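Read-outs throughout are calculated quantities, based only on the coordinates presented, and are distinct from any laboratory measurement. All values reported here derive from a predicted model rather than from experimental measurement. Methodologically, a virtual Cβ is constructed for each residue, glycine included, from the backbone with ideal geometry; neighbour enumeration extends over all protein chains shown.
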Amino acid sequence: MNRTWSIIPGILLAAFAARDAAAQANVARYGTDRNRVYVSFGLDPAWVVSLGYGRVVPLLGHDVELISEVGVAAAHLDTHDFRARVGVQTSLVRWRSVNLTGAATFIARGTENSIYRGFNFGSDFTGTLGVYRHGWFAAGEFGFDKAIITHLSQSDWYRRYFYPGAKDGWYLDDGGTFHYGVAGGFALGRAALVGRVGWRRTEHFDQVMPPMYASGGVGFGF
């Protein structure tokens with residue numbers, strides 16, 4: 001298998017891990033809601049449903065939210081197309097209601113089709129800048145998702161009809177995607193409705209399909 005074809009599955013896996021709407025917390029509520037559960041659904045880039053939990057903890061006098069999340073493709077709730085993420089996010093700089101936030105996430109994800117089965121480890125780093133009030137927030141976001149290492153297992157069907165010499169194995173540096181857009185939400189008591197929409201590009205700023213992402217979710221703080 002040449003390098004071009006080894007990179008394509010990595011890019012697809014990286015695209016599957018774009019961040020969900022509800023994963024973007026309102027940092028102005030960290031002092032009120034130390035725990036949070038959320039569910040989200042959207043085009044990301046497949047139709048994906050996710051369930052997550054966040055816990056705000058003090059770190060050197062600074063509130064940091066620890067997040068864990070699982071997601072599957074929503075069309076048939078196919079567990080062969082999955083992702084699992086753990087990460088941290090916090091407000092890095094604050095001036096009145098304006099916050100610059102940062103999030104770092106470790107990702108494991110997999111997919112399977114008639115051509116190959118892929119499993120990938122990657123990371124995502126995302127920052128937002130916006131207004132965060134206790135009852136609502138609105139921000140612009142920019143992030144980069146990197147497929148660090150990917151394992152591919154070629155199917156017998158692919159070897160029989162397309163490439164008999166295809167080999168299974170691990171591939172490093174399989175590509176990444178930038179994502180940039182807007183996110184916002186508002187609170188309804190302990191619940192919070194959150195949405196995000198934006199665009200996606202490869203790490204060389206080439207177009208990917210679909211070129212956009214959009215998702216919505218609801219979270220409950222306690």
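Give, in nm to one decimal, the length gained when the segment between residue 106 and residue 182 is fully stretched (0.36 nm per residue of separation minus the Cα-Cα distance).
25.2 nm
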Length released on extending from residue 155 to residue 94, taking residue separation times 0.36 nm less the Cα-Cα span: 16.8 nm
Per-residue HN-Hα couplings for segment 110-118 [Karplus 6.51, -1.76, 1.60; θ = phi - 60°; Hz; x = Gly/Pro]: x, 8, 8, 8, 5, 9, 7, 10, x
Long-range HN-HN contacts of residue 34 with modeled amide H, under 5 Å: 222
Cα long-axis angle, helix 3-15 against the chain (0 to 90 degrees, to the nearest 10): 30 degrees
Hz values of 3J(HN,Hα) by residue in segment 211-218 - Karplus curve (6.51, -1.76, 1.60), Gly and Pro given as x: x, 10, 9, 7, 7, x, x, 10
Placed amide H near residue 176: partners under 5 Å, 5+ positions off or other chain: 147, 203
Extension reserve of the residue 43-residue 173 stretch, reckoned as 0.36 nm per residue once the Cα distance is removed: 44.3 nm
Point-charge dipole on Cβ atoms (K/R +1, D/E -1) for segment 164-222, about Cα centre, debye to 20: 360 debye
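Add -39500 (n - 2.57) for each DSSP H run of 4 or more in the chain, then divide by its residues: what number comes out at 222 nm, to the nearest 500 deg cm²/dmol? Write down the numbers at each step before the final one.
Numbers: 2 runs with 19 residues, N = 222.
The helix-only estimate for the chain comes to -2500 deg cm²/dmol at 222 nm.
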Charge dipole (the chain, unit charges on Cβ, about Cα centre) - positive-most of 149, 103, 138: 138
FRET efficiency, 1/(1 + (r/R0)^6) with R0 35 Å, evaluated for residue 55 and residue 162 via beta carbons: 0.15
Kirkwood-type radius of segment 3-217, with distances r between different C-alpha atoms, in Å: 17.8 Å
